[in-house]
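Engineer: The structure that follows is given in the form of structure tokens.
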Amino acid sequence: MRQLATYDARDSIPTIVTAERILTVDAERPEAEAFLAAGGRILAVGSLAEVEAAAAEAGLAPERVDHPGATVVPGFIDAHAHPLMYGQMLTWIDVSPAQAGSIPEIVELLRRGAEKLPAGAPIRGYGYEQRNLAERRHPTRQELDAVATDREVYIMNASGHGGVVNSFTFEKFGITRDTPNPEGGEFFRDADGELTGELSDAACNVLTGLHGVKIGHHGPNFHLGDEPAEHQRQLDLVQREFLAGGVTAIGDAQVSKRELAAYLEAADRGALDMRVSMYFLSHLVDQVLELGLTGPFGNAFLSATGIKLYADGTLGGWTAYFPEGYVGDPCRTGQLYHEPAEYAGLVRRAHAAGLQTATHAQSPTAIAMVVDAIEAALAERPDPDARHRIEHCGLPTPEDIGRMAALGIRPVNQTQHYYNWGEGVEQAIGTPGERFNPLGEFVAAGVPVTISSDAPVAEPRPLEAIQAAVTRVTRRGHQLGPDSLCISPEAALRAHTIEGAITLGRERELGSIEIGKRADFVVLGANPLEVAGSEIAAIPVRETWVDGSRRFAAGAGVVAAGAAGAAADAEAGR
């Protein structure tokens with residue numbers, strides 16, 4: 001036994017947790033029989049006898065919570081997600097492939113949904129995937145005009161990088177066939193030069209209206225405004241989803257003033273039931289530097305961490321940058337959000353101030369641009385522990401993987417992306433698409449792997465993400481690429497726990513079941529290291545604990561440990 005961590009008996013009721021298997025993700029003691037939690041911390045880990053002795057030595061009389069037949073793992077860490085965006089999507093009309101297989105079905109869903117909205121309220125839908133529609137294309141503004149011509153209609157693509165609007169939306173905001181495309185985005189046009197209704201990436205600024213959040217060409221603008229009380233309801237709803245999947249900490253990978261205000265309000269009312277590390281979008285870099293938010297800031301539940309940037313677009317929406325064109329559509333090349341010199345300048349400024357950067361990049365060209373910029377910044381100010389990130393990092397070249405290893409760059413991948421539409425990547429760019437998210441290559445090169453969801457692009461279901469990392473089998477049963485791109489269950493579990501904590505700079509308090517760390521853990525119905533790879537996603541999440549308090553229990557939903565739980569219970573009529 002290692003030394004007992006300090007404990008203040010006023011903090012909480014001490015608890016001894018036991019299970020059939022406790023996977024600590026601690027290299028020194030990978031498994032344990034029990035652990036002791038109190039005051040939100042883990043105080044002892046080991047055999048039941050050792051833990052009971054440690055409690056007695058400290059003068060504690062802990063409760064005992066047994067989980068026979070279950071496996072306990074550290075709380076899952078989702079290092080790249082968009083909680084408020086996800087919560088907002090949960091209040092929109094679901095037009096995903098599970099609900100709509102054709103454009104007429106989308107139109108009908110929007111019509112029915114509009115009947116429940118106040119007169120004049122925008123009609124918003126989420127989740128369509130053009131390649132999964134019978135028509136194999138995006139809807140048009142004329143087709144959305146069949147839903148409404150007197151108010152805004154918008155459906156967001158599953159990629160989150162754009163979608164389609166009706167004619168009213170363009171007219172309201174003065175977008176015409178002669179409106180130039182913004183840097184880093186596009187208003188799509190047909191062969192005659194007329195607007196089709198599709199818009200992508202930086203062109204999404206139009207969606208936030210005249211007085212909403214504007215981010216220029218720093219990313220896709222999904223920061224659509226609602227009343228503050230509605231944003232709080234959305235955060236309450238979305239926390240239930242994360243906790244139900246076993247997620248206890250997230251990295252919000254695109255924070256604007258909308259997200260910051262919502263989080264501060266939730267914190268003020270004691271409603272944060274999971275931990276949030278914020279990455280401010282790069283359009284705010286001047287404000288972040290002026291305020292001096294370049295070191296540790298915040299508390300265990302809400303903290304500022306770094307800067308989010310964009311290099312290119314998305315593979316799902318065919319806006320990632322392939323200058324030679326897409327195999328599936330040679331006329332499309334996608335785009336870069338910044339010219340290389342401008343992007344490198346942003347990275348240099350952030351790095352010089354000591355800020356971690358997290359850059360969205362999918363294509364080989366975009367990823368190389370990111371690696372070049374980080375390499376130059378590190379040459380100017382060496383820092384062996386900068387932990388700069390590449391988000392998604394879909395198709396790095398083997399050469400750039402080697403450079404990432406040398407520079408300490410951490411890719412943050414989303415295996416559910418290829419689980420949900422891996423075949424679409426091959427359709428878009430051809431055979432190279434089978435390497436999408438090459439986790440096995442990262443491991444072989446010594447590059448640490450972090451797995452996340454990118455919610456709402458995928459649901460925050462870590463066990464589904466772990467299964468995809470282990471098997472690379474898509475939802476349709478197709479294995480994407482050779483076995484060498486897969487990783488082991490042990491590596492995948494680490495990728496969604498301790499590696500996520502390291503990526504967020506929080507490994508001293510999160511990511512494993514160790515003495516002194518936060519008592520965040522998940523109770524699973526089976527051992528993900530022992531079941532067949534194809535069965536990992538089906539393992540039930542029985543309970544999720546944060547700070548030694550049960551925040552989710554299967555069948556009961558979120559336990560009302562804080563205001564978020566209370567609000568959720570009230571909404572459910574409990």
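Engineer: For V276, enumerate residues with amide H under 5 Å from its amide H, sequence gap 5+ or separate chain, H modeled in the peptide plane.
Structural biologist: The list, which skips near neighbours in sequence, is I250, L302, S303.
Engineer: Considering Cα pairs under 8 angstrom that are at least six residues apart, work out the relative contact order of region 231-295 and quote it in whole percent.
Structural biologist: Once normalised by length, the contact order is 39 percent.
Engineer: So between E105 and A353, what do we pick up on full extension, going 0.36 nm a residue minus the alpha carbon distance?
Structural biologist: 84.2 nm
Engineer: Run through all the Cα pairs of region 72-212 and give the fraction in each 10 Å bin from 0, expressed as whole percent.
Structural biologist: 11, 42, 33, 10, 3, 1
Engineer: Solvent-accessible area of R387, probe 1.4 Å, all protein chains present, reported in Å² to the nearest ten, please.
Structural biologist: Using a 1.4 Å probe on the heavy atoms, I get roughly 40 Å².
Engineer: How big is region 318-467 in terms of Cα radius of gyration and Dmax, in angstroms?
Structural biologist: Calculated on Cα positions, Rg and Dmax stand at 15.3, 42 Å.
Engineer: Order the peptides 176-185, 99-108, 530-539 from the highest to the lowest mean number of other Cβ atoms within 10 Å of their residues.
Structural biologist: The peptides rank, most packed first, as 99-108, 530-539, 176-185.
Engineer: Over region 354-463, what is the relative contact order in whole percent, taking alpha-carbon pairs under 8 Å and six or more residues apart?
Structural biologist: 25
Engineer: Run the accessible area of the chain with a 1.4 Å probe and give the carbon-and-sulfur part as a rounded percent.
Structural biologist: 52
Engineer: Suppose the Debye formula is applied to equal point scatterers at every Cα of region 221-266; what is log10 I(q)/I(0) at q = 0.17, 0.23, 0.33 Å⁻¹?
Structural biologist: Log10 I(q)/I(0), no solvent term: -0.52, -0.92, -1.27.
Engineer: Can you give the accessible area of V327 in Å² (nearest 10), computed on protein heavy atoms with a 1.4 Å probe?
Structural biologist: Surface open to solvent at V327 totals about 100 Å².
Engineer: In square angstrom, what is the accessible area per residue of the chain with a 1.4 angstrom probe?
Structural biologist: Averaged over the residues of the chain, the accessible area is 37 Å².
Engineer: Which log10 I(q)/I(0) values does region 1-142 give at q = 0.10, 0.17, 0.18 Å⁻¹ under the Debye formula, counting every alpha carbon as one identical point scatterer?
Structural biologist: Relative scattering, expressed as log10 I(q)/I(0), comes to -0.61, -0.89, -0.98.
Engineer: How about region 159-220: which chymotrypsin sites (Phe, Trp or Tyr not before Pro) there are in a DSSP loop, with at most 16 other Cβ atoms within 10 Å of their Cβ?
Structural biologist: Qualifying residues, ordered by number: F173.
Engineer: Right, another one. What distance in nm separates the two pseudo spin-label positions at E342 and E63, each 7 Å out from Cα along the beta-carbon direction?
Structural biologist: 5.6
Engineer: Return a whole-number percent for the relative contact order of region 1-136, with Cα pairs under 8 Å and 6 or more residues apart as the contact set.
Structural biologist: Rounded, it is 21 percent for region 1-136.
Engineer: Net charge near E265: determine it from the other residues with C-beta under 12 Å of the C-beta of E265, scoring Lys and Arg +1 and Asp and Glu -1.
Structural biologist: For residues surrounding E265, the net value is -2.
Engineer: Using amide H atoms built 1.01 Å from N in the peptide plane, name the residues 5+ places from Y337, or on other chains, whose amide H lies under 5 Å from its own.
Structural biologist: Sorted by chain and number, the residues that satisfy this are D312.
Engineer: Round to the nearest 0.05 the FRET efficiency obtained for A53 and D192 when R0 = 60 Å and r is the Cβ-Cβ distance.
Structural biologist: Rounded to the nearest 0.05, the efficiency is 0.15.
Engineer: Starting from the Kirkwood radius over alpha-carbon pairs of region 123-273, derive D by Stokes-Einstein at 20 °C in a medium of 1.002 mPa s and give it in µm² s⁻¹.
Structural biologist: Stokes-Einstein gives a translational diffusion coefficient of 127 µm²/s.
Engineer: Using the alpha-carbon centroid of each, what span in Å lies between region 163-223 and region 436-507?
Structural biologist: Measuring centre to centre over Cα atoms gives 34 Å.
Engineer: Give me D for region 399-541 in µm² s⁻¹, whole number, from Stokes-Einstein with Rh from the Kirkwood sum over alpha-carbon pairs, 25 °C and 0.890 mPa s.
Structural biologist: This corresponds to a translational diffusion coefficient of 157 µm²/s.
Engineer: I'd like the FRET efficiency for E33 and N299, computed as 1/(1 + (r/R0)^6) with the beta carbon distance as r and R0 of 51 Å, rounded to 0.05.
Structural biologist: E(calc), rounded to 0.05, equals 0.95.
Engineer: Rule-of-thumb check for region 382-422: C-alpha Rg over 2.2 N^0.38 Å?
Structural biologist: With N residues counted in region 382-422, Rg over 2.2 N^0.38 Å equals 1.33.
Engineer: E342: net charge of surrounding residues, Cβ under 12 Å, Lys/Arg +1, Asp/Glu -1, itself excluded?
Structural biologist: 0
Engineer: Normalised by the empirical 2.2 N^0.38 Å for globular proteins, what value does the Cα Rg of the chain take?
Structural biologist: The value comes to 0.95.
Engineer: Dimensions of region 194-351 along principal axes (Cα, Å, largest first)?
Structural biologist: Ordered largest first, region 194-351 gives principal extents of 51, 35, 34 Å.
The values are calculated or read from the model by the stated rules, or taken from the named source; none is laboratory data. Since the model is a prediction, treat every value here as computed from it, not as a measurement. Cβ sites come from the backbone with ideal geometry, for glycine too, and all protein chains shown count toward neighbours. SASA here: full protein model, heavy atoms, side chains in, ligands and nucleic acids out. Shrake-Rupley method; radii C 1.70, N 1.55, O 1.52, S 1.80 Å.
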